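Below you'll find the structure, written out as structure tokens, and then a few comments.
The values are calculated or read from the model by the stated rules, or taken from the named source; none is laboratory data. All of these numbers come straight from a predicted model, not from anything done at the bench. Note that we place each Cβ from the backbone using ideal geometry, even for glycine, and neighbour counts take in every protein chain shown. We work out accessible area using only protein heavy atoms, side chains counted, and drop any ligands, DNA or RNA first. Shrake-Rupley method; radii C 1.70, N 1.55, O 1.52, S 1.80 Å.
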Amino acid sequence: MSENTQVEDLVGKQYEAGFVTDIEQETLPPGLNEDVIRHISAKKDEPEWLLDWRLAAFEHWKTMSEPNWAHVKFSAIDYQAISYFSAPKSSEDGPKSLDEVDPKLLETYKKLGIPLHEQEMLAGVAVDAIFDSVSVATTFKGKLKDAGVIFCPISEAVRDYPELVRKYLGSVVPTTDNFYAALNSAVFTDGSFVFIPKGVRCPMELSTYFRINAANTGQFERTLIIAEEGSHVSYLEGCTAPQRDENQLHAAVVELVALDDAQIKYSTVQNWYPGDENGVGGIYNFVTKRGDCRGARSRISWTQVETGSAITWKYPSCILRGDDSVGEFYSVALTKMHQQADTGTKMVHLGKNTTSTIISKGIAAGFGQQSYRGLVHIGKNADGARNHTQCDSLLLGSNCGAHTFPYVEVKNPTATMEHEATTSKIGDDQLFYCRQRGISEEDAVNLIVNGFCKDVFNNLPMEFAVEANRLMEVSLEGAVG
Amino acid sequence: MLKIDDLHVAVDGKEILKGIDLHIGAGEVHAIMGPNGSGKSTLANVIAGRDGYEITAGSIRFHNNDLLEMNPEERAWAGVFLAFQYPVEIPGVNNVYLLKAGLNARRKAAGLSELDAIEFMQLVREKARLVELDDAFLSRGVNEGFSGGEKKRNEIFQMAVLEPTLAILDETDSGLDIDALRVVAKGVNALRSAERSIVMVTHYQRLLDYIEPDAVHVLADGRILKSGDKHLALELEKRGYDWVREEANV
């Protein structure tokens, strides 16, 4: 077998998390109109203002068109062919504890290596597990409550903390921000809500495992995290999805607000179904994530490991509004088979002495297409702003591509900007060196790729770093030559 | 131990090795010398199993295994080690981690238990002293930002940890100053044993002042034109290679 075929074999590794759990879904028929939005809002017992907010977003969305500047190709999405609401039946009664959760659902989590029980007991991680659109299991609430931390499904927050939700929802990503964000605002079904009060250091990592399960059901998660003055929180988001043929749209919105001296660390491991080796199926991941460093000396840090989805369109960004605030973006994105990723960040420096760091590592294999797209904007009042950008691409094989689109806008002469970029091919020399030392080809690829990603993995919380390493290994099983 | 018979090797259709016969017994140290482009590095790479060489005829047997049927890692597990002429950098991959993965893969292949971190670090510290590498150096990325001399010392250090039965040193001496050469030679000499055979590919007699070979071969134009003992190396140093060619009628 030639080295090249071996690479193709490794790259063509089948998705391991592909399976469908059979749970009766209460699903709306496909289609989108005002009635659908009213139905979602009524289902969730929402107040009038939120329904109006959704309807306004919908009105605006109808005037918008999909962005076409990203370096990705896909056939047009028929938004009327998507069903906008599905919830597992069992949620009607609302499980009081894990014992009441559908055993099949728990089994699904086990297959994914997310045993809730173990997580509760061993890891001390609170899990707000989202199965399709409704959160079915929330843990560790008591402990968080003692600390004054609110961590709950956003639909619950709308009911229990309406004033907080109303104050902050859409304040970072307006309903009119972009096509997908407007759609999300109109039809979002659930997501997480986190509120860390003044001076509180959240006693545990908050973690949500997302999972898409119903055929043809678009997923529109909405996450809102607010860190009050001097508070700290680390939030972990991880997900996998079952294998299926139709393309599934996922258009989430995540908003972060950090007030004075607050710190938010948001980590993502994304492993949604990437489609098969012929590029059929897979998730369309069109996500708007933005953090607002609203307060002085606040800090928002995005770390992402993106290995899944057929198409990724995602730019976790920071608005550095507060003086001396800090924004960070650490990213590893892997595209193999026919996956396409256009991802990066925006760092918008508005406050004085604001600092941002961007480290982006793109890995392309098979026929994968990988683009880094980043904007660093230094506003005219942002005296002493600093940015360091490093984007590196690693190519495995000769049919893949890596592209870099860095945009820089500097309106203040005191800014300091650094930009480094490299593109390298995983070298036959490197592989042979490792193999000569007794390391199998597959392990050698993992070793080299993990080394390449190290600067990013180092920024993940411990348990996530292990998961990320494992994820890269699974994703690359059988991948170079 | 190592038996190379009538080995013919081509690269892109061009014959580089034109019938090599070379037998090396256990515990022997052989030097292979020759002018640039004579096929010395090709021979080293073919023994280690590098891709890109076409074996058109001949055989390489090692401990009665057909080496040419084995992939590079299997050869490593069998005890073949190549000290590279140009050790490659692997950014972000810890030097010691690479070595641990290699050593444990080999132990596993031999049915031995894997070394744990503590046992491994003891071994590593001991071997690092042999080539005067300090600990800070161990935790750096593989060859990342190493000087030429450091890279070569790292190769010998890896050889010391992996304890091969056949070590091929591909121009390990080139680019070394006299002090570094002495350190490298000291490391190699410490590893000489009755079970370990060493093949040194070199341009210069200088290395042989420090590591005394049991045999010296002249490789030119893809053939071993002459073999002898260490005195042959001294003669080559004085007279160059042309007389060997003339003598061999090529």
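So the values come out like this:
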{"read-out": "A versus B: buried accessible surface, summed, Å² (probe 1.4 Å, to nearest 100)", "value": "2000 Å²"}
{"read-out": "Net charge dipole size for chain B [Lys, Arg +1 and Asp, Glu -1 on Cβ; Debye, nearest 20]", "value": "260 debye"}
{"read-out": "Fraction of accessible area attributable to carbon and sulfur, region A:242-367 (%, probe 1.4 Å)", "value": "44 percent"}
{"read-out": "Probe 1.4 Å, protein heavy atoms only - accessible area per residue of chain B in square angstrom", "value": "43 Å²"}
{"read-out": "20 Å cut-off, amide nitrogen to a point 7 angstrom out along B:Glu247 Cα→Cβ, residues in region B:22-50", "value": "B:22-23, B:30-36, B:38-40"}
{"read-out": "Pairs from A:Lys167/A:Lys346; A:Lys289/A:Lys425; B:Lys152/B:Lys230; A:Lys425/B:Lys186; B:Lys40/B:Lys230; A:Lys265/B:Lys100 whose Cα-Cα separation, in the structure shown, is over 27 Å", "value": "A:Lys289/A:Lys425; A:Lys425/B:Lys186; A:Lys265/B:Lys100"}
{"read-out": "For region A:330-481, alpha-carbon Rg and Dmax in angstrom", "value": "17.4, 57"}
{"read-out": "Those residues of region B:72-103 for which accessible area with every protein chain present is at least 50 Å² below the isolated value (1.4 Å probe)", "value": "B:Pro72, B:Glu73, B:Phe84, B:Val88, B:Ile90, B:Gly92, B:Leu98"}
{"read-out": "Those residues of region A:417-435 for which accessible area with every protein chain present is at least 40 Å² below the isolated value (1.4 Å probe)", "value": "A:Asp429, A:Gln430, A:Phe432, A:Tyr433, A:Arg435"}
{"read-out": "Environment charge at A:Asn412 (Cβ cut-off 9 Å; Lys +1, Arg +1, Asp -1, Glu -1)", "value": "+1"}
{"read-out": "Chain B - Kirkwood radius from inverse mean 1/r over Cα pairs (Å)", "value": "18.7 Å"}
{"read-out": "Under 5 Å, built H, 5+ apart or other chain: amide partners of A:Ser192", "value": "A:Ile154, A:Arg222, A:Thr223, A:Leu224"}
{"read-out": "Rel. contact order, % - alpha carbon contacts under 8 angstrom, at least six apart, chain B", "value": "27 percent"}
{"read-out": "Average accessible surface area per residue within region A:332-481, 1.4 Å rolling probe, Å²", "value": "35 Å²"}
{"read-out": "Interface residues, region A:443-475 - accessible area loss of 10 Å² or more versus chain alone, probe 1.4 Å", "value": "A:Leu447, A:Ile448, A:Gly451, A:Lys454"}
{"read-out": "Chain B, accessible surface, carbon-and-sulfur percent (1.4 angstrom probe)", "value": "46 percent"}
{"read-out": "Mean Cα-pair separation over length for region B:42-152, i.e. relative contact order, pairs under 8 Å, 6 or more apart, %", "value": "30 percent"}
